[in-house]
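Comments concern the structure below.
We did not get these values from a lab; they are worked out from the coordinates using the rules stated. The model shown is predicted, which means the values in this text are computed figures rather than measured ones. Neighbour counts are summed over all protein chains in view; Cβ atoms, including those assigned to glycine, are modelled from backbone coordinates with ideal geometry.
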Amino acid sequence: MSSIFSDHLLSLMIAVPFIGMVVLAFLNDRKLLLSSTLVFTLVNSVLAFFLWSQFDPEANSMQFVERVKWMPTFNIDYAVGVDGISLLLVLLTTFLPPLCVLGSWESIKTRLKAFMMLILLVEGAMLVVFTALDAFLFFMLWEVTMVPMYFMIVLWGGPNRIQAGLKFVLYSLTGSLMLLVGILGLSLQAGTFDIQSLAQHSYSETSQFWIFLALFLGFAIKLPMVPFHTWLPDAHSEAPTAGSVLLAGVLLKMGGYGLIRFCLPIFPEMAHSFAPAVLWLSVVGILYGGFMALAQTDLKRLVAYSSVSHMGFVTLGIFSFNSEGIGGAILQMVTHGLTTGAMFLIVGQLYDRTHSREIADYGGLQQRMPKFVAILSLFAVASFGLPTTSNFIGEFLILVGVSSVNFIFVVLAMGGIVLGAAYMLWMLQRVALGEARTETAKQLVDLSPREVLTVAPLAIVVVVIGVYPGPLLQSIDSTVTYVVARVAGL
């Protein structure tokens, strides 16, 4: 029995959210809907940690592999498996949804059943994306993730939700079309959709250029890289809290994951050719995101632009082509998901009280909301990479990795860290210190036990990773070594 369980663990994890959607379809009571969704998401969290406990970090091949013929006529399989990078992103994907449910406990007033089903749909689709070993399966579920996010924005979003939702869909569809062109090009050249086999095939120089470009653009839009980033602030500022958490915490990571899974191992020569341009665009993104965040008066838009800056660090690390840079980029994706997801949750808790995201409407919160300010302070300093917090480890490794390419990138990227400290600390000063600027701010009450429970796990994990990142680094070591060897071997 235990062998059957472990042999099909990934399929079970993928099935749990979809089974949850079927169960929710027959429920109508509000508390039952919320508690049932919470149970299904927590079940997957437990399964993910069991997966981690059984994962062999020394193995340099895919683990927990399941492969079934799906469309044999087109040589398409249902194939899933995990390596180091997949494992960490699976852990992140299963860690955030229970917190999204808790964060939506009172804030979602209408169509609650549909909203909870969309959370489960996002989780199930993301698990397939991060574990797929077949490029067609990867693309299908990549597309599915767009649907629940669109409906979250347009049905539960802010006053400009329709415009933000359409912008999100147009950018996402453009990226998806690029990705589809790239994947079809790979299949036509190699005669298979198997991702591992695609990396072993030889491609002509012309094919390499155009397929790499198509894949890169698809992943760059999702990440998003400057100048393909303009959909992100609008989507974040209009989405409900849970939507922003899932978008920033998990969906953006699809772009970085795709670069490491497809672009580097399959086209190492093209990756080297594009690297100078990507590195400069990454630095531009880091600095641009920091300056734009510094100029924001809206809390959610500030956090959204900080994501643009942080994703610049990810691409900077990936295209340094060494163990430190790529390992740091993977870790940065995970820790950014934790800290930015936490920032959106805590901003949502404030918005639920005042229905305002304007920084100018607050002030003096340390007097009435000391628990809120303490937690906000932790996530704010973690966001710009204060030592002993999670983001510091990834950023440090990325800077070490890119220093071997050109030290000028280190200097410019450190400017982004300084900007991060500036906009986060200035936001903290205006929100937490001084005197309350509005009557509403003067009447605020501190976090409830449920709200503390929503963000406490994130606070604990952010500190634990910052102090002891060893287990995560050990999990990704063999995967990073493989990617670096592929890029170095050309």
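Between 0 and 90 degrees, rounded to the nearest ten: what's the tilt of helix 205-222 against the longest Cα principal axis of the chain? The angle comes out at about 20 degrees. The fraction of Cα-Cα pairs per 10 angstrom bin, counted from 0 for region 305-401, comes to 16, 41, 25, 14, 4 percent, rounded to whole percents. A simple spin-label model places the labels of Val144 and His355 3.7 nm from each other, with each point 7 Å out along Cα-to-Cβ.
Using a Förster radius of 22 Å, what is the FRET efficiency between Val284 and Val418 based on their Cβ-Cβ separation? Nearest 0.05, please. Walk me through the numbers before you get to the answer.
Details: r = 16 Å, r/R0 = 0.73.
After rounding, the FRET efficiency stands at 0.85.
In vacuum, with every alpha carbon of region 1-114 counted as one equal point scatterer, what does the Debye formula give for log10 I(q)/I(0) at q = 0.16 Å⁻¹? Two decimals, please. Each listed q corresponds, in turn, to -0.84. Report the paramagnetic label zone for Gln196: residues of region 71-94 whose backbone N is under 16 Å from a point 7 Å from Cα along the Cα-to-Cβ axis. Only 77-87 pass the distance filter. Among residues other than Glu238 with Cβ under 13 Å from its Cβ, the summed charge is +3 (Lys and Arg +1, Asp and Glu -1).
Measure nothing but the geometry: give the 0 to 90° angle between the long axis through the Cα atoms of 390-403 and the longest principal axis through the Cα atoms of the chain, rounded to 10°. The angle comes out near 50 degrees. Net length available on complete extension from Phe49 to Arg437 is 135.2 nm, with 0.36 nm assigned per residue and the Cα-Cα distance removed. The spacing between region 44-60 and region 337-410, judged by their C-alpha centroids, is 28 Å.
Using the beta-carbon distance between Val464 and Thr206 and R0 = 60 Å, what value does 1/(1 + (r/R0)^6) give for FRET efficiency, to the nearest 0.05? If you can, show how the numbers build up before the last one.
Values: r = 49 Å, r/R0 = 0.81.
With a Förster radius of 60 Å, E is 0.80.
Approximating the spin labels as points 7 Å out from Cα along Cα→Cβ, the Arg368-to-Leu425 distance works out to 2.7 nm.
Taking a quarter of the surface of the convex hull around the Cα atoms of the chain, what do you get in nm²? Walk me through the numbers on the way to the answer.
On the way: hull surface 86.0 nm².
Across all orientations, the chain yields a mean hull projection of 21.5 nm².
Give, in nm to one decimal, the length gained when the segment between Asn406 and Thr230 is fully stretched (0.36 nm per residue of separation minus the Cα-Cα distance). Please report the intermediate quantities before stating the final value.
Numbers: separation 176, 0.36 × 176 = 63.36 nm, distance 2.85 nm.
Here the segment from Asn406 to Thr230 would lengthen by 60.5 nm.
Taking Cα atoms, how many degrees apart are the long axis of helix 407-432 and the longest axis of the chain, rounded to 10 and kept between 0 and 90? Approximately 30 degrees, to the nearest ten. The relative contact order of region 267-490 comes to 29 percent, based on Cα pairs under 8 Å that sit 6 or more residues apart. Site pair Ser6 and Lys31 shows an inter-label distance of 4.1 nm when each label is modelled 7 Å from Cα along Cα→Cβ. In summary, the aspartates and glutamates within cross-link reach of Lys109, defined as a Cα separation below 19 angstrom excluding same-chain residues under 8 places away, comprise Asp29, Glu238, Asp352, Glu451. Taking max minus min of the alpha-carbon positions on each principal axis, region 267-490 gives extents of 64, 33, 24 Å, largest first.
Among the listed pairs Lys222/Lys371; Lys167/Lys253; Lys113/Lys442, those whose Cα-Cα separation exceeds 24 Å are Lys222/Lys371; Lys113/Lys442.
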